[in-house]
Amino acid sequence: MTPTAPQAARRRVYGALRAGGPATRPELARRLGLSLPTVIGAVDELLRQELACLEDAPPGGRGRPAARVRLTPERLVVTALDLGSPGVTGGRYDLHGTRLSHRTYGPPTSHLGSDPADTFDLLLKRLREQGTAALSVVSILGAVHPHERTLDSYALGLRGRRLEAELGAALGWPVRVENDANLCAWHAWHVLGLRREDPLVFLNYSHGIGLGLMLGGEVYHGATGAAGEVSFAADPAKRGRHELLARRLLRHLEAASPERSIADVAARASAGDRPAGRALRAYLADLTKHLTAVAAVLDPALMVLQDIPHAAEPLRAEVQRALGELGLHPGVMVSPLGPLGGLDSAGRYGGAQLEEVCLAASAGVGTP
C-alpha cells in the first residue's frame, strides 16, 4: 500500500531524527526540503504516538530557543526469547534494538519436551520473566507458516499451533514467533549492509540444522514457512529407505556427547578429547558436503555460519576449501552478531516490526 503524504512525511522526519539526532522543527524542514507546516504536522503525530518528545535547546543567541525534537525509543519495549542458540536466552530491548537486559536459562534441551502443554507453559513463563512489553518475539526451532501463522516444531512437540495468538492472549500484548535462522539471516543482512541483489544464507546448527535465506532483501519463507529446514533433507549416504540427514549428523555427535550438542563436542575437542575430535571432524565434513549443494542451488553472495566456539572457524575453513574445489565462490564467514546474536536478532527484528506499525498508523490510531 502506498503511504499517504502525511505518512511519508512522518517517515522522513523520523528517519532524519534517527540518523542525525535531535533537531528543531525549522532545522528538520531545511534538512529535508519540506515546508515547516508539513514538518510540524509530522512531529505532532510522532509526539502523539510517543515516538518523540520535545526538549529545550541549549541557550544561545537572542530570544527563547526553539525546542528540539528527540526520539524516545525507550518508551516502547520489546522482549525477546531465543531457543535457537547453544543456551536459551531472554532479554529486553528498546524500539531501536538496543539491548537493555538479558537472562540465560541453560541449554535448549531443558526447554524441549514431548508434552505440548508443558512446553507452552514454560515459554509463557520465560516471556513473563522478561516483563511487560509492547511486543514480544520468540526465536524458535521450527517452521512458521507465513500466512496462517501456525507453528510446526518437532523439537518443541508443537504441530499446527497458533502459538502467537495463544501466547498473546495469555500475556495481554502481541507476540511474534519466527524461525531462529530466519531472524539471524535478517539481522546479519542488515548489519553487513548488503544490497537487495546480494542473497545471503545463514546457517544455524546449534540444535539441528536450519538455514535462513535473504533473497531480494527479504526473508524467504517458502510456501509453508519451511524454507531452509535442511534437517529434513535425505541423507545421500543412506541406501534403501530414506533417512533424514539430521540423524546422520546427530549420530556423529552421540559418539562423544550424550546431549548430542555440537557446542559440547567442539569444546571437548578443543580440550584434547580424541573421540570428540573425531566426532567433530566427521560432523563438519558431512555438514560441509550439504552446504556445497545449498551453494550450488542458491548461488548466494555470502554464507554466514553461526558462531559456535571451536566449531565455526573449522567449519568455515572446510566449507571454503570445498567450495573452491568445486569452482563455487560465495563468501563464507563466521557470524558477526556476537555471542547473543540469536537473542539480539529477535529483539532488533521486533523493534523494526513495531517501528513499522507505528509509522504506518493513520492519524487518530493509537500505538499498539
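The values are calculated or read from the model by the stated rules, or taken from the named source; none is laboratory data. All figures in this text were calculated on a predicted structure; none of them were measured in a lab. For neighbour counting, all protein chains shown are included, and Cβ atoms are generated from backbone atoms with ideal geometry for every residue, glycine included.
Which helices (runs of 4 or more DSSP H) does segment 245-333 wholly contain that include 3 or more residues that are within 24 Å of the chain's Cα centre (by Cα), touching a residue at least 60 places away in the same chain (Cβ under 8 Å) and in the same structural domain as residue 204 (by TED's automatic domain parsing)?
Result: 274-298.
Given the criteria out of contact with any strand residue (DSSP E or B) (no Cβ under 7 Å at 6 or more places or on another chain), acidic (Asp, Glu) and assigned by TED's automatic domain parsing to the domain that holds residue 306, does residue 166 qualify?
When the stated conditions are applied, residue 166 does not pass them.
Residues checked against (1) under 22 Å from residue 330 (Cα atoms); (2) out of contact with any His (no Cβ under 6 Å at 6 or more places or on another chain):
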site: 223; (1), (2): no, yes
site: 226; (1), (2): no, yes
site: 251; (1), (2): no, yes
site: 255; (1), (2): no, yes
site: 261; (1), (2): no, yes
site: 266; (1), (2): no, no
site: 284; (1), (2): yes, yes
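Go through 166, 178 for me and flag whichever is of a type outside the set (A, V, I, L, M, F, W, C) and either surrounded by fewer than 20 Cβ atoms within 10 Å (Cβ to Cβ) or without any contact (Cβ under 8 Å) to a residue 24 or more places away in the chain (or both).
Result of the check over 166, 178: 166.
Condition first: of a type outside the set (A, V, I, L, M) and crowded, with 21+ Cβ neighbours inside 10 Å. Now tell me which residues in segment 200-230 satisfy that.
202, 204, 205, 206, 207, 208, 210, 212, 225, 228, 229
Considering only segment 102-150, state which residues are farther than 17 Å from residue 207 by Cα, free of Cβ contacts under 8 Å to residues at least 24 places away in the same chain and small (Gly, Ala, Ser).
Within segment 102-150, just 117 meets the criteria.
For segment 61-75, does any single residue satisfy the condition of being within 23 Å of residue 178 (Cβ to Cβ) and modelled with pLDDT of 95 or more?
So far as segment 61-75 goes, yes, one or more of its residues are within 23 Å of residue 178 (Cβ to Cβ) and modelled with pLDDT of 95 or more.
Among the residues of segment 310-356 satisfying the criterion of being over 27 Å from residue 268 (Cβ atoms) and aliphatic (A, V, I, L, M), which is surrounded by the most Cβ atoms within 10 Å (Cβ to Cβ)?
346
Which condition number in (1) out of contact with any strand residue (DSSP E or B) (no Cβ under 6 Å at 6 or more places or on another chain); (2) at pLDDT 95 or above is the one that residue 52 fails?
Every listed condition holds for residue 52 apart from (1).
Checking the conditions here, which among 82, 121 is under 14 Å from the mean Cα position of the chain (by Cα) and more than 30 Å from residue 23 (Cβ to Cβ)?
82
Quick one: in segment 1-48, which of the residues that are over 29 Å from the mean Cα position of the chain (by Cα) and β-branched (Val, Ile, Thr) is farthest from residue 360 (Cα to Cα)?
Going through the qualifying residues, I end up with 24.
Conditions (1) at pLDDT below 95; (2) β-branched (Val, Ile, Thr); (3) within 20 Å of residue 230 (Cα to Cα), marked per residue:
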{"site": "250", "(1), (2), (3)": "yes, no, yes"}
{"site": "265", "(1), (2), (3)": "yes, yes, no"}
{"site": "275", "(1), (2), (3)": "yes, no, no"}
{"site": "287", "(1), (2), (3)": "yes, no, yes"}
